[in-house]
């Protein structure tokens with residue numbers, strides 16, 4: 001169970017290797033990777049700046065992770081979220097869930113992303129042809145989160 | 001009390017954080033917002049649509065009616081757009 005907030009990119013293969021090394025009880029590993037799209041929320045973008053609330057970002061993600069582990073029989077989990085300047089194609093977020101059977105890992109990864117999107121203190125500012133614009137939150141993200149209640 | 005601002009709330013207020021002395025009688029998150037709005041046009045702009053701006057007390061999400069109850073830090077920010 002771990003949360004990392006970092007400016008650097010992450011290596012999915014290396015993360016899975018670390019999480020599974022020496023363990024024989026894991027039957028399922030699910031990963032979700034979110035990437036920076038050129039077709040952004042504000043138009044075609046050349047880059048984005050990801051601002052975060054240091055301290056609260058880690059704590060909020062840990063709270064979300066604890067909630068997932070209370071709901072599903074996870075053996076381990078990892079959330080990595082980047083901040084700073086990213087360009088299209090760059091990875092933004094990684095969620096890894098590990099369990100004995102696949103359903104728990106699939107559902108927990110989905111849950112973690114839905115909660116992360118709406119409650120982890122990160123904000124995207126996209127650079128497009130008009131300048132720099134803050135991304136507005138989407139109602140569909142709130143709806144995705146609320147289906148878990 | 002330490003007040004922190006993020007994203008466009010920070011840009012509109014014009015600073016990332018400040019220390020403010022709250023008057024007697026300000027006991028809730030909504031009370032802090034009302035007090036800040038009385039401090040100048042930059043705060044008026046940041047909190048023009050109060051329902052949109054979110055708050056956290058000591059790094060935990062709270063609603064506008066939450067009591068300050070000894071919190072050391074309050075933060076204001078737009079709805080989150082990470083992930």
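A short reminder: the numbers here are calculations on the coordinates, not readings from a lab. Everything numeric here is computed off the predicted structure, so don't read it as measured data. Cβ coordinates were reconstructed from backbone atoms using ideal geometry, including for glycine residues, and neighbour counts include every protein chain displayed.
Take each residue in A:73-79, count the other chain C-beta atoms within 10 Å of its C-beta, and the mean is 0.
Taking the helices alone, chain B has a mean residue ellipticity at 222 nm of -7000 deg cm²/dmol, built from -39,500 (n - 2.57) per DSSP H run of at least 4 residues and averaged over all its residues.
Over the residues of chain A, the helix contribution to mean residue ellipticity at 222 nm works out to -11000 deg cm²/dmol, using -39500 (n - 2.57) for each DSSP H run of at least 4.
Across peptide A:118-130, the mean count of Cβ atoms from other chains lying within 10 Å of each residue's own Cβ comes to 4. A Förster radius of 25 Å combined with the Cβ-Cβ distance from residue A:16 to residue A:85 puts the calculated FRET efficiency at roughly 0.40. With a 10 Å cut-off around each Cβ of B:4-17, the average count of Cβ atoms from other chains is 2. Note on residue A:129 and residue A:25: their simple-model spin labels are 5.6 nm apart, each label 7 Å out from Cα toward Cβ.
Built from the Cα atoms of chain A, the convex hull projects on average onto 8.7 nm², one quarter of its surface area. Annotation: the antiparallel percentage among DSSP beta bridges lying fully within segment B:2-77 is about 75.
Packing around the peptides A:108-120, B:51-63, taken as the average count of other Cβ atoms within 10 Å per residue, puts them in this order, highest first: A:108-120, B:51-63. Taking 12 Å as the cut-off, no amide N atom of segment A:1-17 comes nearer than this to a point 7 Å along the Cα-to-beta-carbon line of residue A:47. Ranked by the mean number of other Cβ atoms within 10 Å of their residues, highest first, the peptides A:18-28, A:121-131 come out as A:121-131, A:18-28.
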